[in-house]
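Data first, discussion second: the structure below is written as structure tokens.
The values are calculated or read from the model by the stated rules, or taken from the named source; none is laboratory data. Worth saying up front: this structure is predicted, and the values here are computed from it rather than measured. Heads up, the Cβs are rebuilt from the backbone with ideal geometry, glycines too, and the neighbour counts pull from every protein chain shown.
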Amino acid sequence: MKSFLVKGKVFSGKSEAARFTELPWVKKQITEKLGFTPYSGTLNVKLTEDCVKLRSLLKRARGIEITPATSFCRGRCFKACLMDVECAIVIPEIADYPSDVIEVIAPVNLREKLQLEDGDAIEIEISLG
């Protein structure tokens, strides 16, 4: 299995992902396809300049598709690991979604478990295939 490491800094988002991860169809698909029930919300990571190119590789990678309900966007997930915590990154398929941002979902609150704050530098290992 191929994997690569991305680096970035934690930042606060708009709390929109919390509502999304609480939707029954989202929870069900993540549980079935990724093997864990997601904690409500995501950890937002702004990638370093060098890692933005690595994120662009994900556009061509297969990923695990989250099939949307009507009026929602499609998303693709990739299994990942953040400081020994099983997680996944989510790439929403939205035209204007920033290319230097990834969202991380996990079965736990990553900020609390890993004692992360805005501005903390992190490394995430992302698995392909």
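Remark: pairs (first residue in the range 105-122, over 21 Å from Arg76 (Cα atoms); second residue part of a helix (DSSP H, G or I); Cβ separation under 7 Å; 6+ apart in sequence or on different chains) = Leu116/Leu110.
Within the range 26-35, is there a residue that is in a helix (DSSP H, G or I), among the aliphatic types (A, V, I, L, M) and at pLDDT below 85? So far as the range 26-35 goes, yes, one or more of its residues are in a helix (DSSP H, G or I), among the aliphatic types (A, V, I, L, M) and at pLDDT below 85.
Whenever a residue of the range 77-103 is closer than 15 Å to Ile122 by Cβ, its partners that are polar (S, T, N, Q) and surrounded by 13 or more Cβ atoms within 10 Å (Cβ to Cβ), lying with C-beta atoms within less than 7 angstrom and at least six residues away or across chains, give the pairs Ala80/Ser127; Val101/Asn44; Glu103/Thr42; Glu103/Asn44.
Which of the residues belonging to the range 88-122 are farther than 20 Å from Tyr39 by Cα and part of a strand (DSSP E or B)? Walk me through it before giving the result.
Residues of the range 88-122 that are farther than 20 Å from Tyr39 by Cα, as a first pass: 93-100, 119-121.
Selection gives Ala121 alone.
Name every residue in the range 73-96 that is more than 18 Å from Leu23 (Cβ to Cβ) and surrounded by 13 or more Cβ atoms within 10 Å (Cβ to Cβ), in order of residue number.
Step one: of the range 73-96, the residues more than 18 Å from Leu23 (Cβ to Cβ) are 78-87, 89, 95-96.
The answer is Phe78, Lys79, Ala80, Cys81, Leu82, Met83, Val85, Glu86, Cys87, Ile89.
Here's the yes/no breakdown for (1) in a loop (DSSP other than H, G, I, E, B); (2) closer than 20 Å to Asp118 by Cβ; (3) touching a Gly at 6+ places or on another chain (Cβ under 6 Å); (4) modelled with pLDDT of 80 or more:
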position: Pro38; (1), (2), (3), (4): yes, no, no, yes
position: Lys46; (1), (2), (3), (4): no, yes, yes, yes
position: Ser56; (1), (2), (3), (4): no, no, no, no
position: Arg62; (1), (2), (3), (4): yes, no, no, yes
position: Ser71; (1), (2), (3), (4): yes, no, no, no
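Residue-level check: of (1) modelled with pLDDT under 95; (2) under 23 Å from Lys2 (Cβ atoms); (3) out of contact with any Leu (no Cβ under 6 Å at 6 or more places or on another chain), Pro98 misses just (2). Checking each residue in the range 99-122 for being under 13 Å from the mean Cα position of the chain (by Cα) and of a type in the set (Asp, Glu) picks out Asp100, Glu103. Go through the residues of the range 79-87 one by one and say whether even a single one is over 18 Å from Lys7 (Cβ atoms) and either in a helix (DSSP H, G or I) or more than 12 Å from the chain's Cα centre (by Cα) (or both). Checking the range 79-87: not a single residue is over 18 Å from Lys7 (Cβ atoms) and either in a helix (DSSP H, G or I) or more than 12 Å from the chain's Cα centre (by Cα) (or both).
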